[in-house]
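Engineer: I have a structure here, written as structure tokens, and I will follow up with some questions on it.
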Amino acid sequence: MMIQTIKTTPYGDQKPGTSGLRKRVTVYQQPHYVENYLQAIFDSLEGFDGQTLVIGGDGRFYNDVAIQTAIRMAAANGFGRVLVGQGGLLSTPAASHVIRHHKAFGGLVLSASHNPGGPDGDFGIKYNIGNGGPAPERITDAVYERTKVIDTYKTIDAPDVALDQIGTQHSGEMVVEVIDPVADYAALMETLFDFDAIRALFASGFRMTFDAMNAITGPYAHAILEDKLGAPKGTVKNGTPLPDFGQGHPDPNLVYCKDMFDLLMTPEGPDFGAASDGDGDRNLIIGKNRFVTPSDSLALLAANAHLAPGYKSGIAGIARSMPTSAAADRVADKLGIEMHETPTGWKFFGNLLDAGRVTICGEESAGTGSDHVREKDGLWAVLLWLNIVAVRKQGVDEIVREHWATFGRNYYTRHDYEEVDATIAGKLVDDLRAQLPSLPGKNFGEDLQVAYADDFKYLDPVDGSTSAKQGVRIGFTDGSRIVLRLSGTGTVGATLRLYLERYEAADGRHDLETQTALEPLIGLSEQLAGIKQRTGRKDPSVIT
Ligand code: VG1
Ligand code: CO
């Protein structure tokens, strides 16, 4: 095997964000851009000689090109074996499972998740470690440092691997196994959930619609929901992964899944609607006449997890990202289990899951998951919901209402301002940060008194590492919160995320319209941060 050492020069913009390096496809298409980043990853790792690397992506445009490059470079850098999903496909949670199941050294997950794809869309590369989860900051920081000085990369002169052909091939001396992307994952789901109960639910006439958004979950959803669980053919919509997601925006929220939402609000509509994002790690859950906010979904799944066989002996603890509502905290409190608040991004859950301190994790951005893998998992959340509905023999709306009547309701919304001028956005957050010391104790209107105001800093209780500047948060004595942070996944300008939350007790009013319920906080956040005034925007780009 002739290893080639190719000269290159650094790019200044290869800093991994919340979840890997996400850029426009046109940026990734620059000479040596992919190679530089991959070599920087390999240079930041130790001890992989002869080991296994998992590679797979969400099938978006450029997936195939980057995978062939990655395979040749893995061979040149000394990996002994690569496991790659057929067609280059692996959903993010499936990739996490394959890494764990086959005891791989790590994996490359190629995705820009919910960002649009195609030649003018986005692409992304993320490295996951041997526990199946995204590399922690210690590694992503090292990768970034390496990208700044990289001057050579290693590859081999070998033909492309036939990605469509399941079975063993070689790239140079390295073994390449093309695997069925669905099989291992589907088998794992069968160990966690009561498939008989869900099958009986479908057999009884329960109707569901699942939108795979022309993205990666199509093959998984067809195989699990329709083939194994007996949901009628046609339950899964847009089930073939397309390189440009059919020109859609594979973000399962109420903007891009508006049609499904509308359908679920009609009497003729199905009983249950769900969707997942580009790489299959997010979930949208809508019951008949009831959209479940992701923060509520986390709390509900945690409270009911014991109804599924995989969690029948209970859960060890719950973790949520800081901006996620505190609904789950009330469940943890009642169950008497650990509760953790981490920075945004799944990489911060890995240590807690590995240490067995938490079983279920979630983020307000439509991500929920458990210790079965080390990524959030869209279909897992859907299956757990179905399992709960099947066992409780109640509809989603009824389950949600009972939950609020027991724990109270955390009204919650997120306002995104996308593609804002980065300088204005940075200054806006800095200015709000500067006000923080003066806020505690202050009253705003009749009900709002500031209890604390800070910039979230996380101390990892497992390895003692710290992560500062993870978002500005202003908490009030009644449990309300205003949180503001800059997105770490956008590819153009800056995205400001404003998160608002208000608690209403178990015997309080649970039927207010969300934006109305949060109006005083929306007004106050404008008064304090001045997003509209400073950006000139009249409204948020997306409200979830
Ligand atoms: C967003 C979400 C965050 C999520 C991340 C990756 O990050 O807010 O909760 O973990 O996307 O999700 P940010 O930095 O833009 O707020 V995924 O499905 O895009 O891999
Ligand atoms: Co995703």
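The values are calculated or read from the model by the stated rules, or taken from the named source; none is laboratory data. If you're wondering where the values come from, they're calculated on a predicted model, not measured in any experiment. Every residue, glycine among them, receives a Cβ derived from its backbone with ideal geometry; neighbour counts consider all protein chains shown. With ligands, DNA and RNA removed, areas are computed over all heavy atoms of the protein, side chains included. Shrake-Rupley method; radii C 1.70, N 1.55, O 1.52, S 1.80 Å.
Engineer: In the neighborhood of Gly475, defined by Cβ-to-Cβ distances under 10 Å, what is the net charge if each Lys or Arg adds +1 and each Asp or Glu adds -1? Before the final figure, lay out the partial values.
Structural biologist: Numbers: positive: Arg473, Arg481; negative: Asp454, Asp478, Glu501.
Every neighbour counted, the sum reads -1.
Engineer: Follow-up question, since we're still on this one. Enumerate the helices in the chain for which the Kyte-Doolittle hydropathy averages -0.5 or more and the C-alpha atoms extend at least 18 Å along the helix's axis, using complete DSSP H runs.
Structural biologist: Details: long enough: 63-77 (20 Å, 0.33); 378-392 (21 Å, 1.71); 422-435 (20 Å, 0.12).
Counting only whole DSSP H runs, the qualifying helices are 63-77, 378-392, 422-435.
Engineer: What does the charge dipole of the stretch 35-127 about its Cα centre add up to, to the nearest 20 debye, if the Cβ of each Lys and Arg holds +1 and the Cβ of each Asp and Glu holds -1?
Structural biologist: 340 debye
Engineer: One-quarter of the Cα convex hull surface for the chain, in nm²? Could the numbers behind the result be given before it?
Structural biologist: Numbers: hull surface 94.5 nm².
Spelled out: convex hull of the Cα atoms, projected over all directions, averaged, 23.6 nm².
Engineer: Still on this structure, I have one more. Using a Cα-Cα cut-off of under 15 Å, which aspartates and glutamates could be cross-linked to Lys154, ignoring same-chain neighbours fewer than 8 residues away?
Structural biologist: Glu35, Asp43, Asp49, Glu173
Engineer: Return the carbon/sulfur percentage of the accessible area of the chain, one whole number, probe 1.4 Å, all protein chains in place. Present the calculation step by step, with values, prior to reporting the outcome.
Structural biologist: Numbers: 10020 of 20350 Å².
Result for the chain: 49 percent of the exposed heavy-atom area is carbon or sulfur.
Engineer: Okay, moving on. How large is the charge dipole for the stretch 323-371, taken about the Cα centre, if only the Cβ atoms of Lys, Arg (+1) and Asp, Glu (-1) carry charge, to the nearest 20 debye?
Structural biologist: On the way: 4 positive and 8 negative charges, 9 e Å.
The calculation lands at about 40 debye.
Engineer: Would you please classify the overall shape of the stretch 287-376 from the alpha carbon gyration tensor, given that a ≥ b ≥ c denote the square roots of the eigenvalues, rounded means a/c under 1.5, and beyond that prolate means a/b larger than b/c while oblate covers the rest?
Structural biologist: Working: a/c = 1.43, a/b = 1.11, b/c = 1.28.
Rounded is the answer for the stretch 287-376, as its axis ratio a/c remains below 1.5.
Engineer: Where the convex hull is taken over the Cα atoms of the stretch 1-119, what is its projected area averaged over directions, in nm²? Write out the running numbers ahead of the final one.
Structural biologist: Details: hull surface 30.3 nm².
Reported value for the Cα convex hull: 7.6 nm².
Engineer: Can I ask one more? Lys154 accessible area, nearest 10 Å², 1.4 Å probe?
Structural biologist: In the full protein context, Lys154 sits at about 80 Å².
Engineer: Hey, got the dipole for the chain? About the Cα centre, +1 on K and R Cβ, -1 on D and E Cβ, debye to the nearest 20?
Structural biologist: Numbers: 52 positive and 70 negative charges, 90 e Å.
Here the chain has a charge dipole of around 440 debye.
Engineer: Still on this structure: What lysines could a cross-link reach from Lys258, if we take a straight Cα to Cα line under 17 Å and drop same-chain neighbours fewer than 8 places away?
Structural biologist: Answer for Lys258, where 17 Å is the Cα cut-off: Lys237, Lys288, listed by chain and number.
Engineer: Given a cut-off of 21 Å, name the pairs among Lys15/Lys126; Lys347/Lys427; Lys376/Lys427; Lys126/Lys457; Lys103/Lys376 whose C-alpha atoms lie farther apart than that in the structure shown. Please report the intermediate quantities before stating the final value.
Structural biologist: Values: Lys15/Lys126 11 Å; Lys347/Lys427 27 Å; Lys376/Lys427 32 Å; Lys126/Lys457 24 Å; Lys103/Lys376 19 Å.
The pairs that break the limit, which is 21 Å between Cα atoms, are Lys347/Lys427; Lys376/Lys427; Lys126/Lys457.
Engineer: Of Gly356, Thr342, Ala316, whose Cα points farthest to the positive end of the dipole of the stretch 274-365 (charges on the beta-carbon: +1 Lys, Arg; -1 Asp, Glu; origin at the Cα centre)?
Structural biologist: Ala316
Engineer: Right, here's the next one. What does the accessible area per residue of the stretch 167-289 come to in Å², with a 1.4 Å probe and no ligands, DNA or RNA counted? The partial results should precede the final answer.
Structural biologist: On the way: 4660 Å² over 123 residues.
Accessible area per residue: 38 Å².
Engineer: Cα to Cα, under 15 Å, and not fewer than 8 places away if on the same chain: which aspartates and glutamates meet these conditions relative to Lys442?
Structural biologist: Those aspartates and glutamates meeting the cut-off are Asp454, Asp478.
Engineer: From largest accessible area down, sort Val161, Val27, Val462; use a 1.4 Å probe on the protein chains.
Structural biologist: Details: Val161 10, Val27 35, Val462 65 Å².
The residues order as Val462, Val27, Val161, largest area first.
Engineer: As a test of the formula, what do you get for the chain when each DSSP H run with n ≥ 4 contributes -39,500 (n - 2.57) and the sum is divided by the residue count, at 222 nm and rounded to the nearest 500 deg cm²/dmol?
Structural biologist: Per the formula, -9000 deg cm²/dmol.
Engineer: Same structure again: Between Ala422 and Leu263, what FRET efficiency follows from the Cβ-Cβ distance if R0 is 41 Å, with the result rounded to 0.05?
Structural biologist: Details: r = 38 Å, r/R0 = 0.94.
Once the sixth-power term is evaluated, E becomes 0.60.
Engineer: Any idea which of Val420, Ile216, Ser370 is furthest toward the positive side of the dipole for the chain, if Lys and Arg beta-carbons carry +1 and Asp and Glu beta-carbons -1?
Structural biologist: Final value for the positive-end residue is Val420.
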